[in-house]
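Notes follow the structure.
The values are calculated or read from the model by the stated rules, or taken from the named source; none is laboratory data. These numbers come from a predicted model, not from an experiment. A quick note on method: Cβ atoms are made from the backbone with ideal geometry, for glycine too, and the neighbour counts reach across all protein chains shown.
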Amino acid sequence: MELGQRAGAPGPAAPSDAAAGSGQAAASGPAVAASLAGRTDEEFRAEIRGWLAGNLTGEFAGLRGVGGPGREHEAFEGRLAWDRHLSAAGWTALSWPAEHGGRGVTISQQMIFHEEYARADAPARVSHLGEQLLGPALIAFGTPEQQRRFLPAIASVAELWCQGFSEPDAGSDLASIATTARLAGGHWEVTGQKVWTSLADVADWCFVLARTAPGSQRSSGLSMLLVPMRQPGVTVRPIRQLTGTSDFNEVFFDGARADADLVLGDPGDGWKVARYLLGVERGAATFGRQIQFRREFDDIVAQVRRGRCDPALRQKIARAWVGLEVLRACALQTLAAAGRPGADAGTEASVVKLLWARWHQALGELAMDVAGARALVARAKPDELDAWQRLYLFSRADTIYGGSDEIQLGIIASRALGLPREPTPAPAPAPAPGRP
Ligand SMILES: Cc1cc2nc3c(=O)[nH]c(=O)nc-3n(C[C@H](O)[C@H](O)[C@H](O)COP(=O)(O)OP(=O)(O)OC[C@H]3O[C@@H](n4cnc5c(N)ncnc54)[C@H](O)[C@@H]3O)c2cc1C
């Protein structure tokens with residue numbers, strides 16, 4: 001992912017503009033959307049399978065298998081056009097309720113969509129942070145004005161979002177957030193630094209966790225602000241990764257402005273909104289990716305079938321297949337439990353996150369076993385890696401982003417098992433006078 005510093009005011013396109021440049025969109029849009037109501041699962045599957053087969057053609061044909069974690073730099077403009085094409089045909093915001101512009105499809109139909117999407121090798125989405133993370137939070141916590149302002153632009157892929165939580169001294173210990181925001185002259189002024197901000201270089205907006213109550217400590221006094229990225233007070237710098245690419249960035253807010261009413265939830269209630277968002281990020285928002293895992297697994301199995309397979313490798317592959325089946329069952333169970341009274345979505349999401357992150361890392365190691373010595377050599381330049389090499393390297397990040405493994409285990413220890421809490425870290429000592 002290439003990075004550019006952003007400047008200038010945000011200019012949201014009208015939803016109807018979103019599919020501009022996609023000649024196929026208009027014909028397939030409303031007709032598909034209207035026809036889905038009351039479809040059985042089989043009919044739904046046939047509908048999405050047929051639509052993907054008929055639309056991953058022409059200008060979109062070259063996008064098959066493109067993009068995704070570790071490869072966000074690939075064909076960005078083409079993937080953006082594809083996302084808008086999907087939207088125009090009514091295939092975005094599937095899980096949102098109809099009254100918020102979503103499709104309100106059933107849980108099994110959401111899974112079917114992901115399965116068919118992966119099966120067709122359709123490109124990785126570029127608008128997922130808005131649709132899958134912020135969208136549900138806007139529906140849960142947003143004012144009617146905020147919902148009207150932002151949801152249509154997310155669903156139509158007119159505006160892209162990024163997530164501004166982590167800071168240099170606030171990652172696992174998110175409550176240490178130091179970015180501040182104060183109300184001045186009818187708007188918030190945001191000052192501080194975020195880090196590891198995925199897709200910040202292409203985002204129009206960022207949902208930013210900031211300290212709005214001066215002098216507040218830990219999780220109190222935080223607010224979730226909706227901050228435009230394209231303004232002079234925002235600077236974005238890429239971070240180069242082990243894969244040689246830049247999927248994420250540093251973001252500097254230097255008096256960046258957001259209108260006074262752009263707080264999601266009440267001012268001071270940011271921790272509640274952040275926890276909700278993290279639950280979505282660790283659970284439901286990962287199911288599409290988990291289904292992509294099957295494609296990676298099938299690719300490895302296909303390779304092994306063509307050659308020799310020693311008994312130890314057979315065991316590893318069988319074990320990976322069992323893990324994949326467990327993930328699928330878990331995903332269905334979590335989706336079914338969403339919204340059930342008494343369900344602890346946060347704990348369930350931590351279990352799901354632990355399972356898929358470890359499984360996926362093990363798959364990367366399995367891919368290296370199967371590739372053998374050739375896995376050690378890059379194709380041409382140091383950055384030109386094949387799919388398995390990228391899988392292996394990028395899956396190192398799986399047990400970190402969305403909250404590290406240790407943090408998920410801590411949540412399960414406290415919330416599922418009622419074990420005594422870890423001691424809260426002491427606040428950092430104030431610097432001595434006269435020293436930076
Ligand atoms: C690919 C990728 C994309 C990301 N995208 C975003 C994004 O878009 N927006 C965003 O805000 N953030 C993003 N992040 C940041 C991510 O959320 C953080 O990296 C993560 O929360 C860990 O924080 P940290 O990196 O500061 O590590 P630290 O918190 O410094 O942790 C370092 C190590 O110490 C361990 N540790 C820390 N605390 C404890 C404890 N209490 N008990 C036991 N062990 C502990 C951790 O498990 C970890 O192994 C992304 C990260 C990655 C890798």
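At-a-glance table
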{"read-out": "Residue within the stretch 236-245 that is more than 19 Å from residue 400 (Cα to Cα) and among the basic types (Lys, Arg) present", "value": "yes"}
{"read-out": "Complete set of residues in the stretch 237-256 that are assigned to a strand (DSSP E or B) and surrounded by 22 or more Cβ atoms within 10 Å (Cβ to Cβ)", "value": "248, 249, 251, 253, 256"}
{"read-out": "Residue 221 being over 25 Å from residue 399 (Cα atoms), in contact with an Asp or Glu (Cβ under 8 Å, 6 or more places away or on another chain) and of a type in the set (Gly, Ala, Ser)", "value": "no"}
{"read-out": "Conditions (1) touching a Leu at 6+ places or on another chain (Cβ under 6 Å); (2) touching a residue at least 60 places away in the same chain (Cβ under 8 Å); (3) of a type in the set (A, V, I, L, M); number of the one not met by residue 227", "value": "(1)"}
{"read-out": "Cβ-Cβ under 8 Å pairs, at least 6 apart or on other chains, the stretch 231-255 side in contact (Cβ under 8 Å) with a residue 40 or more places away in the chain and on the phi > 0 side of the Ramachandran plot, far side part of a strand (DSSP E or B) and hydrophobic (A, V, I, L, M, F, W, C)", "value": "255/190"}
{"read-out": "Candidates 354, 363 - the one that is part of a helix (DSSP H, G or I), within 16 Å of the ligand (Cβ to nearest atom) and in contact with a helix residue (DSSP H, G or I) (Cβ under 9 Å, 6 or more places away or on another chain)", "value": "354"}
{"read-out": "Qualifying residue in the stretch 384-399 (condition: more than 13 Å from the ligand (Cβ to nearest atom) and of a type in the set (D, E, K, R))", "value": "yes"}
{"read-out": "Whichever residue in the stretch 400-425 is among the acidic types (Asp, Glu) and in a helix (DSSP H, G or I) and, among such residues, is farthest from the ligand (Cβ to nearest atom)", "value": "405"}
{"read-out": "Residue match in the stretch 191-201 (condition: away from the ligand (no atom under 13 Å from the Cβ) and not in a loop (DSSP other than H, G, I, E, B))", "value": "yes"}
{"read-out": "Only one of 353, 272 that is among the basic types (Lys, Arg), under 30 Å from residue 221 (Cβ atoms) and buried (at least 21 other Cβ atoms within 10 Å of the Cβ)", "value": "353"}
{"read-out": "Pick from the stretch 116-169, criterion under 24 Å from residue 64 (Cβ atoms) and basic (Lys, Arg), ranking: farthest from the chain's Cα centre (by Cα)", "value": "119"}
{"read-out": "Top-ranked residue of the stretch 168-190 - restricted to ones that are closer than 17 Å to residue 221 by Cα and either outside the structural domain of residue 223 (by TED's automatic domain parsing) or within 14 Å of the ligand (Cβ to nearest atom) (or both), ranked as surrounded by the most Cβ atoms within 10 Å (Cβ to Cβ)", "value": "177"}
{"read-out": "Residue 339 being loosely packed, with under 15 Cβ neighbours inside 10 Å, modelled with pLDDT of 85 or more and not in a helix (DSSP H, G or I)", "value": "no"}
